[in-house]
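Derivation of every value follows stated rules applied to the coordinates shown; laboratory data play no part. Only a predicted model underlies this, so the values are computations on that prediction, with no experimental measurement involved. Every residue, glycine as well, gets a Cβ built from its backbone with ideal geometry; the counts of neighbours run over all protein chains shown.
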Ligand SMILES: [Zn+2]
C-alpha cells in the first residue's frame, strides 16, 4: 500500500521528479526501528511547511465553506490542530525571525525591509541569534530551506544553520520538487535525520493560481484567471484612491482561495513523496503561516500594517510520529514563538546548552495536560513613522499605535476589543473600559521591560538592491 493512502492524499501525481518508490528505498529503508528502544532514541525527520499569508479560516479543517484544502484537511485528521494560533507580527520580515529564534521582534530587532525611498534598507538577523536550524544542525540534523520570499534572502541572516538554502522565485509545485530532490541527495543507509523548511508564496498578493485550482474552488473563472489582478490595486485601495465594490472584493477572495488550493495541490505532491513506505509515520510535519491576510475587515487589503486578528491568526497543524495526538483540537491561544521549542522537544535532547526561548513547547498540551493558558500574547509591527503593538489577555485585546512626528510629541492611539464577544474587533471599548485599558497597558509596559533584558544586539541594516526593491514594490511592500 502506498503511504499516501493513509492520508487520503492520493497517489503521487504526474510530474513528480522522484518516484515514490525511489524515495522509499533511498530515504527511509534505513529508518525502520529494529526495536522500540532504538525508535525512542532516534531523532525524527522534521518538515516545516510555511504557507505565506495563509488564513486558517480559509481552510476546510478550520471550517471553511470552499474546497480549498483537501490535502491539509486529511493531514489535520491525523494531526493535532491548534485552533487559536497567532503570529507575533503581521508580515514576513519580523515574523519569520521570530519563528526561527522564538524571540519577539523587539528582541531580534528585525522590523523593516521595505522598498520605500531612494535607498531602501533591510534589517538583518544578527549572527548572535541562535536559530532553530542551527540548533537542529548541532543535534546532528541535515538542514535545508527552500524559500520563496524576498525578505528571506540569505544576506538578511535567515540562512544561519542551513546546510542548503535555496531562494527561489517559483510556484509551490516547483519548490516541492526542489525539496524532494534534496531529500534524495541526503538519503542513504547512513543518513542523518533531516530538517526541511519550505516557504511558499502562492497565497501572497497578487495570488498565484493554477487553472486546476481555480476550477476546483468553483470561483468565477474571469475573476480568478491568471493576471486578472492589477498589482497596484492593493496600494490604491489602501490609500483610499479606489473603492472596491462588494463583487470585486468577492472576486479577490475567490482568487485568494484558488491560490490556497494551488498550494494544497502542491502539498499533496510533497506528502505523497514523504509518505512513501509509510515513512511519514516516523516524521514530524508542522504546517503554519507567518501571518494572515486582510480583506477590508478594517479597511485594508493585504497585511503588514495592522494587528487585527485577520492579520495575526495562523493555521498550526502538527503531525506527530505514529499519529500521536491525532484528532486533538487545542483551543488555547498559542503563538508562533512556540514552534521552535516544540520542534526542539521532538528532536530530542542535546548535549549543548539550550538557547533562551520566549515560547513554550506545544507538547505541554499534548503530553502534559497543561491547562488552557491565560498568559498574554503580544504582536508587533514597526515602520518608519509608526509602531504598533497588541497585547491579548483573558479575552481582551489592546492595540497601541504610536505615530512619530518630526516636530511634535508622538501621537498615541489606544483601541480595546473584547475578543470573546467581538471576534471581528468591530467595537472599540477603550472609551468605556478605562480600567481594562490601564491594566493591559501596564502589562504591555512590563513585558517591554522584561524582554529588553533578553534582547540581541541590533543587527546590521543592508541596502536593498534595485532589482529586489522593484520586486518588493510589486508585492506591495512600500511602507
Ligand atoms: Zn509573509
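Key figures for this structure:
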{"read-out": "Residue list for the range 245-266, given a label point 7 angstrom along the Cα-to-Cβ vector of residue 296 and an amide N cut-off under 19 Å", "value": "245-258"}
{"read-out": "On Cα atoms only, tilt of 434-452 relative to the major axis of the chain in degrees", "value": "60"}
{"read-out": "Between the range 338-361 and the range 373-427, the Cα center-to-center distance that results, in Å", "value": "29"}
{"read-out": "Within the chain, percent of DSSP bridges classed antiparallel, to nearest 5", "value": "60"}
{"read-out": "Relative contact order of the range 186-327, pairs being alpha-carbon contacts under 8 Å that are 6 or more residues apart, as %", "value": "22"}
{"read-out": "Angle in degrees between helix 246-275 and the longest Cα principal axis of the chain, rounded to the nearest 10", "value": "30"}
{"read-out": "As computed over the range 231-281, the Cα convex hull volume per residue (Å³)", "value": "95"}
{"read-out": "Modelled label reach - residue 467, point 7 Å along Cα→Cβ, the range 160-184 residues with backbone N closer than 16 Å", "value": "167-170"}
{"read-out": "The range 44-375 - percent relative contact order, Cα under 8 Å, separation 6 or more", "value": "32"}
{"read-out": "Mean shadow area of the range 44-375 over all directions, Cα convex hull, nm²", "value": "16.9"}
{"read-out": "Gained length - residue 345 relative to residue 441, 0.36 nm times residue gap less alpha-carbon distance", "value": "31.2 nm"}
{"read-out": "Burial ranking of peptide ranges 436-444, 405-413 (average Cβ count within 10 Å, highest at the top)", "value": "436-444, 405-413"}
{"read-out": "Rounded to 10°, Cα long-axis angle of helix 172-186 versus longest principal axis of the chain", "value": "50"}
{"read-out": "Mean-position separation - Cα centroids, the range 201-217 and the range 141-199, in angstrom", "value": "23"}
{"read-out": "Per-residue [θ]222 nm for the chain (sum of -39500 (n - 2.57) over DSSP H runs n ≥ 4, rounded to 500)", "value": "-9000 deg cm²/dmol"}
{"read-out": "Inter-label distance, nm, simple model (7 Å from Cα along the C-beta direction), residue 230/residue 245", "value": "1.4"}
{"read-out": "Whole-Å distance, taken between Cα centres, linking the range 439-479 and the range 246-300", "value": "26"}
